[in-house]
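Structure first, commentary second.
The values are calculated or read from the model by the stated rules, or taken from the named source; none is laboratory data. If you're wondering where the values come from, they're calculated on a predicted model, not measured in any experiment. Because the Cβ atoms are built from the backbone with ideal geometry, glycine has one as well, and the counts that use them run over all protein chains shown. SASA here: full protein model, heavy atoms, side chains in, ligands and nucleic acids out. Shrake-Rupley method; radii C 1.70, N 1.55, O 1.52, S 1.80 Å.
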Amino acid sequence: MMSILDLLSLQDWVLAVVIVLLAGCIKGMVGFAMPMISISGLSMVLPPDWALAGLIMPTLVTNGIQALRQGTSAAMDSVKRFRVFLIVGFVFLVLSAQLVTQVAPETFLLMIAVPVVLFAGMQLLGLGFTLSRQSLPVEACVGAVAGAVGGMSGVWGPPTVAYLTALNTEKRDQMRIQGVIYGLGALGLVGAHLVSGILRAETLLFSCFLVVPAVFGMWFGGMVQDRIDQVMFRKITLLVLLVAGLNLLRRALVG
């Protein structure tokens, strides 16, 4: 642990904990956005590889909690229903994860910013598409995009949420399905970045440490969820994501 404390200043530690705590709180309220908020915030104060590593273990643990909330049987049903999405997404996630250390920081930030801005902007404008039932070709394409972006940035939420929303998935089911998809994606991300070198001794310990504020934030967010207007809070969350994404876009383009 001392090696981590030597590499990060006290200010960086405090900011990292606050960012992940906020991300966990929002995830507890709306069921997604933890990787987007974490990577957007952590990238402002830490090198890209540390920012990406930092979100991996908190994302894995919180999504495991979310996926299993209605029991193992319900979670397995979700796995079977969205197996094409999961398989294709996993393959693209593993392949794209190996490119992280070969990509310039500006390109890395751009790949994070674009999906965040597009997703938040489209949702705020009420734009989207609907599907009457699951479409395997569409599901495979969305899984490929989600996996490719997820492997590079740890963020695969936007295309996933867009697809589930287009299917008019019931809220309780969507929360569980998101947990299953994101949780298995995070598990794949752990393996992929153990190979890529993003997760190494010091960054893995850093990521594990951030599990504590993430879980606490998620618990608090769940407590708050019943006491606020969900629609309004979702709009506020999207606005925060849009601002964070635009800031990352600015950093990628103008430094």
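The table below gives the values:
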quantity	calculated
Matching entry among 53, 74 (being in a helix (DSSP H, G or I) and more than 16 Å from residue 213 (Cβ to Cβ))	74
Hits in the range 180-232 (condition: open to solvent by 30 Å² or more (accessible area, probe 1.4 Å), in contact with a helix residue (DSSP H, G or I) (Cβ under 6 Å, 6 or more places away or on another chain) and of a type in the set (Phe, Trp, Tyr))	220
Subset of the range 31-86 (residues that are without any contact (Cβ under 8 Å) to a residue 60 or more places away in the chain and open to solvent by 10 Å² or more (accessible area, probe 1.4 Å))	45, 46, 47, 71, 72, 73, 76, 77, 80, 83, 84
Every pair of residues 6+ apart whose Cβ atoms lie under 8 Å, when the first sits in the range 1-30 and is farther than 16 Å from residue 237 by Cβ and aliphatic (A, V, I, L, M) while the second is at pLDDT 85 or above and exposed (fewer than 13 other Cβ atoms within 10 Å of the Cβ)	none
Tabulated pairs, the range 195-220, first free of Cβ contacts under 8 Å to residues at least 24 places away in the same chain and aliphatic (A, V, I, L, M), second open to solvent by less than 10 Å² (accessible area, probe 1.4 Å) and assigned to a loop (DSSP other than H, G, I, E, B), C-beta under 9 angstrom, 6+ apart or interchain	none
Residue within the range 122-139 that is under 27 Å from residue 64 (Cα atoms) and in contact (Cβ under 8 Å) with a residue 60 or more places away in the chain present	yes
Any chance residue 40 is touching a helix residue (DSSP H, G or I) at 6+ places or on another chain (Cβ under 7 Å), at pLDDT below 90, more than 27 Å from residue 231 (Cβ to Cβ) and part of a helix (DSSP H, G or I)	no
Options 106, 170: the member that is free of Cβ contacts under 8 Å to residues at least 12 places away in the same chain and open to solvent by 50 Å² or more (accessible area, probe 1.4 Å)	170
Residue within the range 4-23 that is open to solvent by 10 Å² or more (accessible area, probe 1.4 Å) and among the hydroxyl-bearing types (Ser, Thr, Tyr) present	yes
